[in-house]
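**Q** This structure is in structure tokens; I'll ask about it shortly.
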Amino acid sequence: MKTILVFALLIAFSGAIFAQEKPIVIETKNTALVYKAGMQNKLMQAYFGEKLANAEDYNLLFSRNEAYAPAGTDNLNEPAIRMVHNDGNPSLALFFDKVEVNRENDNVSTTIICLKDDVYPVSVKMYFKTWYNEDIIETWTEISHNEKKPVLLTNFASAMLSFNERDYWLTHFHGDWDKEMILQETQLTSGIKIIDSKLGTRANKFQAPMFFVSMNNPSTETEGKVLAGTLAWTGNFQFVFEINETNTLRVLAGMNQYASEYQLKPGEVFKTPGFIYTFSANGRGQASRNLHKWAQKYRVLDGMGNRNTLLNNWEATYFDFDENRLVELFDGGKKLGVDVFLLDDGWFGNKYPRSNDRAGLGDWQETKEKLPHGIGYLVEQAEAKGIKFGIWIEPEMVNPKSELYEKHPDWILKLPNRPEHLSRNQLVLDLTNPEVQKFVFNVVDDMMTKHPQIAFIKWDCNREMTNAYSTYLGEKQSHLYIDYVKGFYKVMEDLRAKYPKLPIMLCSGGGGRTDYGAMKYFTEFWASDNTDPLNRIYIQWGYSNFFPANTICNHITSMGKQSLKFKTDVAMMGKMGYDIRVEEFTPEELEFSQQALKDYARLKEVIWFGDMYRLISPYEESRAALMYVSETKEKAVLFCYTINAYRENITNAVKLQGLDAAKKYEVKEINIEKRGDGRRPPQFGRNTNRVYSGDYLMKVGFNVRSGRSDLSSNVYEITEVK
Ligand code: DGJ
């Protein structure tokens, strides 16, 4: 009996245990992802984690985890791919065919592993692009076939990763309009947990396409093995976390297959979006820093370039403005010292003027009543006043009360035989249609051709996709969610071919579209319409896990009752800007803000491109602290926020990170409010303007004085003393 059992086990694991093929080792500076062809020639993931010290040890690895498990043959867990062949057979069997490695340079290379079905002419190529120094891997697949007729793809993950640990903890980010990026951590239990979006456009309004999985223990900032992953896709996504009967965690990441069966023609290549991930053996902080460095150097448009500081008029005026009012506002921007005045929603539409959100969307001509001399005049006036001009658009959408709606009903997503379902009084244009793509392209192109001085664009997208039916797609309705995003990318590709560097902010009714698929075309994103600085600490904290500081737009507004200093200190943590009535500032407030902008200009290199350390989480204490350290460790900026002083143990010093222990640093407070009575400002503590060793600041820490009152904050400039 015993012998039979052993024999059965050997057969079951034979592909794994006896496989002698040379392993395929995909390495970055600190991690290794290893595949092996098993005896049955199935591709197995043999390892993913910290690099092994001895390369020959990779030969010892074995595994039961198929690398890209298909549906229909022997796989009983959630499949990475499912295909129905044109003879109706709903199964795939994938076997290792070959591997090739393309080296772009010392840092970047791509490993391509080809899998083939042994019966049907189907091939799956798995791509692994690595950025060695940044410890980043991007994985996607290309699926194709040479059957006689189209096949149907019903599952199409970009990546499948397996882990064999004791426990798994998932950190994910959820929310809604005005409540973006709420962090939640939970232990995964056996079975499946899905984080996904079915919202089409504005896809991450409820769930963001990014997560951490921490191995064995809840994640921390500095310790523990953590996978950080995000999908580069501006549409429906799905992450599946499945703990199966052997306590293996399988992570599947890709486009959501919901209502999206895809008919693939012979010879056509179905390319899945990139799943971007990093493995850190030192907690979440290291994973975030890896992603920041990679994103700035390799993914975000002009990621290492400069950014403009903005004065936006949305919260200052909403729809209530005209030419003269705008020109007055330019003065405020100039006085303040920002680079660009950004004209928001409400400047267009004539038959149906856009005086609220119920009309005009789609008619991209200046409203004559509000702007009798057009955009050209505004651009000129801004220039004359020494400030650049930027403009808001929302080109993928339409109000039923618009000329566009009247002229092109077939360009709009609408269900036959059903009433239109409006959200913010608007509908979504059908970007699967090349004519609509051209129209959207022209919204920008016409404007830039007429007014080449326009220095900035804010691209909004204020609703998710219901009415999901495209006249253009005809019988292929299930292609809509995928082809919409492809249509969006086509427009952005065309625009970027013509306007490679024009700064464009990605906005989606707040932060409903924040992913590395779109950020290839955008320089920054609007994080949330919630600009109350208390909430903003959490929102920005959430984004900081996956996005670098120069991409997260933080504006100082009149929302929230906190001091201007608190608002400024919160906004400075990322890409600082304004959306406020500058003319209502007191002289002290104006002076404070002018100084803050000057300090920001001086420190932005460190804030944007330094290494970020999250020191105290607002989710764990009633305060928050975060810092940036320059590459040379000569300069750092520390941000501290007290949320509720009563609940906080204010005597706890903030322990810094990332400094050079051997260096000496001066710690100087900035953003200090002047008090009319000549007394020392409340936040000005005994311990500033002093010199400390890096060792002391990291081991003992730094006492933040203003911790005595609620919603108080401090920003410190830390400079090496030579
Ligand atoms: C939503 C954006 O998030 C806001 O900043 C603003 O641009 C409005 N749309 C305008 O309609």
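Where a number appears in this text, it was derived from the coordinates with a stated rule and is not lab data. Note that the coordinates shown come from a computational prediction; the quantities given were computed from them, not determined experimentally. Cβ coordinates were reconstructed from backbone atoms using ideal geometry, including for glycine residues, and neighbour counts include every protein chain displayed.
**Q** Return the FRET efficiency for the residue pair TYR646, ASP302: r is the Cβ-Cβ distance, R0 is 56 Å, and the value is rounded to the nearest 0.05. Show your work: numbers first, answer last.
**A** On the way: r = 45 Å, r/R0 = 0.80.
Rounded to the nearest 0.05, the efficiency is 0.80.
**Q** Lys and Arg at +1, Asp and Glu at -1: add these up for the other residues within a Cβ distance under 10 Å of THR248 and post the number. Provide the component values of the computation, followed by the final result.
**A** Values: positive: ARG64, ARG250; negative: GLU165, GLU242, GLU245.
Net local charge, THR248 excluded: -1.
**Q** Something else about it: What distance in nm separates the simple spin-label points at ARG103 and TYR696, each placed 7 Å from Cα in the Cβ direction?
**A** 4.8
**Q** On to the next question. Considering only DSSP beta bridges whose two residues both sit in the chain, what percent are antiparallel, to the nearest 5? Before the final figure, lay out each step's value.
**A** On the way: 130 of 157 bridges.
Percentage antiparallel, nearest 5: 85.
**Q** Further question: Between beta-carbons, use under 15 Å as the cut-off and find the net charge around THR154, counting Lys and Arg +1, Asp and Glu -1. Mind dumping the intermediate values first?
**A** Working: positive: ARG82, LYS476; negative: GLU78, GLU261.
Every neighbour counted, the sum reads 0.
**Q** Now for a different question. Show that you can apply the helix-only estimate: for the chain, add -39,500 (n - 2.57) for every DSSP H stretch of four or more residues, divide by all residues, and state [θ] at 222 nm to the nearest 500. Write down the numbers at each step before the final one.
**A** Values: 13 runs with 146 residues, N = 722.
When only DSSP H runs of four or more count, the value is -6000 deg cm²/dmol.
**Q** Counting Lys +1, Arg +1, Asp -1, Glu -1, what net charge surrounds ASP345 among other residues with beta carbon under 10 Å of its beta carbon? Write out the running numbers ahead of the final one.
**A** Details: positive: ARG354, LYS458; negative: ASP344, ASP357, GLU394, ASP460.
Around ASP345, the charge tally is -2.
**Q** Could you go through region 54-64 in sequence order and give the Karplus-derived ³J(HN,Hα) for each residue, using 6.51 cos²θ - 1.76 cosθ + 1.60 with θ = phi - 60°, rounded to whole Hz, and x for Gly and Pro?
**A** 10, 4, 5, 5, 4, 5, 7, 5, 9, 6, 10
**Q** Mind checking which aspartates and glutamates have their Cα closer than 14 Å to the Cα of LYS699? Skip sequence neighbours fewer than 8 apart in that chain.
**A** By straight Cα distance, LYS699 reaches ASP660.
**Q** Read phi for every residue in region 267-280 and hand back ³J(HN,Hα) as whole Hz from Karplus 6.51 cos²θ - 1.76 cosθ + 1.60, θ = phi - 60°, with x for Gly and Pro.
**A** x, 6, 10, 9, 9, 8, x, x, 9, 9, 8, 9, 10, 10
**Q** Can you tell me the FRET efficiency between GLU223 and SER355 if r is taken as the Cβ-Cβ distance and R0 is 56 Å, rounded to the nearest 0.05?
**A** Values: r = 55 Å, r/R0 = 0.99.
Between GLU223 and SER355 the formula returns 0.50.
**Q** Over 26 Å between Cα atoms: which of LYS351/LYS486; LYS179/LYS561; LYS458/LYS486; LYS501/LYS604; LYS179/LYS674 fall into that group?
**A** Numbers: LYS351/LYS486 32 Å; LYS179/LYS561 18 Å; LYS458/LYS486 21 Å; LYS501/LYS604 20 Å; LYS179/LYS674 33 Å.
Too far apart for the 26 Å limit: LYS351/LYS486; LYS179/LYS674.
**Q** While we're on this one: Among PHE95, PHE48, which comes first, second and so on when ranked by fewest other beta-carbon atoms within 10 Å?
**A** On the way: PHE95 15, PHE48 20.
Fewest-to-most Cβ neighbours within 10 Å comes out as PHE95, PHE48.
**Q** Once label points are set 7 Å from the Cα along Cα→Cβ at both THR73 and LYS561, what is their separation, rounded to one decimal in nm?
**A** 6.6
**Q** Which value in nm describes the separation of the simple spin-label points at ASN41 and LYS501, placed 7 Å from the Cα toward the beta carbon?
**A** Placing both labels 7 Å along Cα→Cβ, they lie 5.2 nm apart.
**Q** Could I ask something else about it? Note down the relative contact order for region 337-485 as a percent, whole number, built from C-alpha pairs under 8 angstrom at least six residues apart. Intermediate values should be presented prior to the final figure.
**A** Details: 258 pairs, mean separation 39.4, N = 149.
Value for region 337-485: 26 percent.
**Q** Convert each backbone phi in region 349-365 into a coupling constant with the Karplus relation 6.51 cos²θ - 1.76 cosθ + 1.60 (shift: θ = phi - 60°), then list the ³J(HN,Hα) values in order as whole Hz, x for Gly and Pro.
**A** Couplings: x, 10, 4, 10, x, 8, 9, 7, 7, 8, 8, x, 4, x, 9, 8, 10 Hz.
**Q** Within the set LYS407/LYS490; LYS198/LYS450; LYS29/LYS635; LYS414/LYS575; LYS205/LYS476; LYS438/LYS476, which residue pairs have Cα atoms separated by over 29 Å?
**A** Working: LYS407/LYS490 24 Å; LYS198/LYS450 38 Å; LYS29/LYS635 26 Å; LYS414/LYS575 38 Å; LYS205/LYS476 26 Å; LYS438/LYS476 21 Å.
Listed pairs above 29 Å: LYS198/LYS450; LYS414/LYS575.
**Q** Taking amide H atoms as placed 1.01 Å from N in the peptide plane, list the residues 5 or more away in sequence, or in a different chain, whose amide H sits under 5 Å from that of GLY224.
**A** Answer set, sorted by chain and number: GLY283.
**Q** Under the classification rounded if a/c is under 1.5, otherwise prolate if a/b is larger than b/c and oblate if not, where does the chain fall, given a ≥ b ≥ c as square roots of the Cα gyration tensor eigenvalues? Spell out each step's value before the answer.
**A** Numbers: a/c = 2.27, a/b = 1.24, b/c = 1.83.
Cα axes put the chain in the oblate bin.
**Q** Okay, moving on. Could you please rank ARG513, ARG463, ARG82, placing first whichever residue has the fewest other Cβ atoms within 10 Å of its Cβ? List each step's numbers first, then the result.
**A** Working: ARG513 28, ARG463 24, ARG82 21.
Placing the least packed residue first, the sequence is ARG82, ARG463, ARG513.
**Q** Contact order normalised by length for region 43-151, with contacts defined as Cα pairs under 8 Å and 6 or more residues apart; what percent is it? It would help to have the intermediate numbers written out before the result.
**A** Working: 193 pairs, mean separation 19.1, N = 109.
Rounded, it is 18 percent for region 43-151.
**Q** Between ALA259 and THR471, what length comes free when the chain is fully extended (0.36 nm per residue of separation minus the Cα-Cα distance, one decimal in nm)? Walk me through the numbers on the way to the answer.
**A** Numbers: separation 212, 0.36 × 212 = 76.32 nm, distance 1.66 nm.
Gain on extension, ALA259 to THR471, equals 74.7 nm.
**Q** Quick one: length gained pulling VAL327 to ARG166 fully straight, 0.36 nm per residue minus the C-alpha distance?
**A** 51.7 nm
**Q** If the cut-off is a Cα-Cα distance under 27 Å, which lysines reach LYS42, setting aside same-chain residues fewer than 8 apart in sequence?
**A** By straight Cα distance, LYS42 reaches LYS22, LYS51, LYS98, LYS116, LYS125, LYS129, LYS148, LYS149, LYS193, LYS265, LYS271.
**Q** Now a separate question. Using the Cα gyration tensor of region 518-650, with a ≥ b ≥ c the square roots of its eigenvalues, what is the shape: rounded (a/c below 1.5), prolate (a/b larger than b/c) or oblate (neither)? Can you show the working numbers first?
**A** Values: a/c = 1.31, a/b = 1.08, b/c = 1.21.
Judged from the Cα gyration tensor, region 518-650 comes out rounded (a/c under 1.5).
**Q** May I ask you to list the residues of region 315-357 whose amide nitrogen lies under 11 Å from a point 7 Å from Cα along the Cα→beta-carbon direction of GLU369?
**A** Zone members listed by number: 350-356.
**Q** Counting other Cβ atoms within 10 Å of each Cβ, which GluC sites (Glu not before Pro) in region 429-478 have at most 14 and sit in a DSSP loop? Please report the intermediate quantities before stating the final value.
**A** Working: sites: GLU435, GLU464, GLU475; in loops: GLU464, GLU475.
Those satisfying the criteria are GLU475.
**Q** If you rank PHE389, PHE163 by fewest surrounding Cβ atoms within 10 Å, what's the result? Numbers along the way, then the final one.
**A** Numbers: PHE389 24, PHE163 20.
Going from least to most buried by this count: PHE163, PHE389.
**Q** Would you mind calculating the relative contact order of the chain from Cα pairs under 8 angstrom and at least 6 residues apart, reporting the percent as a whole number? Mind dumping the intermediate values first?
**A** On the way: 1763 pairs, mean separation 67.2, N = 722.
About 9 percent, as a whole number.
**Q** Can you give the extra length, in nm with one decimal, that the chain gains between ASN689 and ASP494 once fully stretched, where that is 0.36 nm per residue apart less the Cα-Cα distance?
**A** Working: separation 195, 0.36 × 195 = 70.20 nm, distance 5.18 nm.
Value of the extension gain: 65.0 nm.
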